[in-house]
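J.: If you scroll down you'll find the structure; I have some questions about it.
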Amino acid sequence: MVDVATSNSAEPVDLTTIPISPDGAHSKPQHDSVNSASSDNIITVFDDPENFNVKHQLQNKWTLWFTKPPSGKQDWNELLKEVITFESVEEFWGIYNNITPASELAQKSDYHLFKTGVRPEWEDVQNKHGGRWAYTFKNSKANDEVWLHLMLAAIGETLEDDDDNEVMGVNVNIRKAFWRVGLWTRTAGQSPKGKAAEGADPKESQKRLERLGKAFKEVLQLPAQDMVEFAGHAESAHTGSSRAKAKYSL
Ligand code: MGP
């Protein structure tokens with residue numbers, strides 16, 4: 001497997017350097033002809049993955065990040081790598097088909113798919129008043145379909161209403177005895193001290209978060225009795241662990 005950690009974390013990693021799926025053939029989008037197709041000559045990525053000529057723009061730009069498993073004593077920042085940014089459905093599939101599936105990632109790896117401009121960490125100014133809905137699966141091998149559906153729901157903007165504007169990104173964590181998916185949000189409802197985060201209405205935030213938590217649970221197709229849990233990033237940053245005590249569960 002090719003090492004992703006060859007470049008500076010501030011620079012996007014070249015797509016050709018990210019882990020390649022063992023049987024995923026390279027399918028490079030033909031950017032030159034993008035959007036130039038006349039209506040009677042439309043070839044979508046589904047018709048021809050090599051020579052398609054239309055591109056379906058996403059509502060937002062998204063950036064894929066990768067957390068490399070540590071090899072010794074490295075801190076979080078050194079391990080977090082920006083991989084690639086995209087803004088169309090076709091680019092998403094080109095990337096997805098060429099990276100290592102979540103089920104084949106090494107322990108302590110993460111993928112993060114975040115709106116471009118947001119670093120997938122608690123300290124980012126756009127995350128610091130937010131939180132995360134999470135669900136932990138109690139087996140060690142990730143289910144690629146679940147992770148794919150979560151990414152598609154995020155980039156397809158089907159998790160929330162346009163006005164809610166809560167979704168910052170989604171991620172998958174591969175660990176020794178479990179794997180976990182997360183949905184990061186812009187706000188975190190009411191703080192433990194009953195104070196809202198700057199400029200936020202805690203009641204409205206809580207309503208949005210509950211709607212989002214339900215949508216998250218639906219995308220994961222969890223049985224009703226399985227709980228998704230929400231914790232604020234401020235608490236995670238304070239304890240130094242993302243397993244902060246759940247504030248809400250659904
Ligand atoms: P994790 O991957 O979110 O959870 O964080 P995991 O693997 O369940 O481990 P636990 O420690 O929460 O029990 C793993 C570790 O990565 C954390 O303990 C932090 O040291 C670090 N880390 C994770 N995140 C998401 C951040 C972050 O946003 N900022 C910083 N500074 N460190 C983080």
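The values are calculated or read from the model by the stated rules, or taken from the named source; none is laboratory data. Keep in mind that this is a model prediction, so the values were computed, not measured. Here the Cβ is made from the backbone with ideal geometry for all residues, glycine too, and neighbour counts use every protein chain on show. Accessible surface areas use protein heavy atoms only, side chains included; no ligands, DNA or RNA. Shrake-Rupley method; radii C 1.70, N 1.55, O 1.52, S 1.80 Å.
J.: Please work out which one of (1) out of contact with any His (no Cβ under 9 Å at 6 or more places or on another chain); (2) under 21 Å from A244 (Cα atoms); (3) acidic (D, E); (4) open to solvent by 40 Å² or more (accessible area, probe 1.4 Å) is the condition E123 fails and give its number.
T.: Of the numbered conditions (1) out of contact with any His (no Cβ under 9 Å at 6 or more places or on another chain); (2) under 21 Å from A244 (Cα atoms); (3) acidic (D, E); (4) open to solvent by 40 Å² or more (accessible area, probe 1.4 Å), the odd one out for E123 is (1).
J.: Restricting to the range 165-190, and then to whatever is under 15 Å from W62 (Cβ atoms) and near the ligand (Cβ under 10 Å from one of its atoms), can you tell me which residue is farthest from the chain's Cα centre (by Cα)?
T.: Result: W184.
J.: Against the condition of a type in the set (K, R), open to solvent by 40 Å² or more (accessible area, probe 1.4 Å) and outside any loop (DSSP other than H, G, I, E, B), how does K73 come out, does it pass?
T.: For K73, the condition - of a type in the set (K, R), open to solvent by 40 Å² or more (accessible area, probe 1.4 Å) and outside any loop (DSSP other than H, G, I, E, B) - is not met.
J.: For the range 94-126, name all the residues that are outside any loop (DSSP other than H, G, I, E, B) and farther than 17 Å from A154 by Cβ.
T.: G94, S103, E104 - these are the residues of the range 94-126 that are outside any loop (DSSP other than H, G, I, E, B) and farther than 17 Å from A154 by Cβ.
J.: Now, a different point. Inside the range 132-151, can you point out the residues that are touching a Ser or Thr at 6+ places or on another chain (Cβ under 8 Å) and either within 12 Å of the ligand (Cβ to nearest atom) or not in a strand (DSSP E or B) (or both)?
T.: Matches in the range 132-151: R132, A134, K141, A142, N143, D144.
J.: Based on what the data block shows, is E82 in a strand (DSSP E or B), in contact with a Leu (Cβ under 9 Å, 6 or more places away or on another chain) and open to solvent by 50 Å² or more (accessible area, probe 1.4 Å)?
T.: no
J.: I've got another one for you. I'm checking my understanding of the structure. Among residues of the range 70-91 that are under 23 Å from W179 (Cβ atoms) and at pLDDT 95 or above, which one is farthest from the ligand (Cβ to nearest atom)?
T.: Ranking the qualifying residues of the range 70-91, first place goes to I84.
Yes/no per residue for (1) open to solvent by 70 Å² or more (accessible area, probe 1.4 Å); (2) more than 25 Å from T116 (Cα to Cα); (3) modelled with pLDDT under 95; (4) hydroxyl-bearing (S, T, Y):
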{"position": "F137", "(1), (2), (3), (4)": "no, yes, no, no"}
{"position": "E145", "(1), (2), (3), (4)": "yes, no, no, no"}
{"position": "D162", "(1), (2), (3), (4)": "yes, no, yes, no"}
{"position": "G169", "(1), (2), (3), (4)": "no, no, no, no"}
{"position": "P192", "(1), (2), (3), (4)": "yes, yes, yes, no"}
{"position": "A197", "(1), (2), (3), (4)": "no, no, yes, no"}
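J.: Assuming Y111 fulfils every condition listed in (1) within 13 Å of the ligand (Cβ to nearest atom); (2) more than 13 Å from the chain's Cα centre (by Cα); (3) among the hydroxyl-bearing types (S, T, Y) apart from one, which condition is it?
T.: (2)
J.: So, one more: Please list, ordered by first then second residue, the pairs with beta carbon atoms under 9 Å, 6 or more apart or interchain, first in the range 236-248 and touching a residue at least 24 places away in the same chain (Cβ under 8 Å) and open to solvent by less than 90 Å² (accessible area, probe 1.4 Å), second within 6 Å of the ligand (Cβ to nearest atom) and outside any loop (DSSP other than H, G, I, E, B).
T.: S242/N173
J.: Of all residues in the range 42-69, count the ones that are open to solvent by 10 Å² or more (accessible area, probe 1.4 Å), of a type in the set (S, T, N, Q) and at pLDDT 90 or above.
T.: Number of matching residues: 3.
J.: Filter the range 211-250 for residues that are more than 16 Å from the ligand (Cβ to nearest atom) and in a strand (DSSP E or B); which is nearest to R180 (Cα to Cα)?
T.: S249
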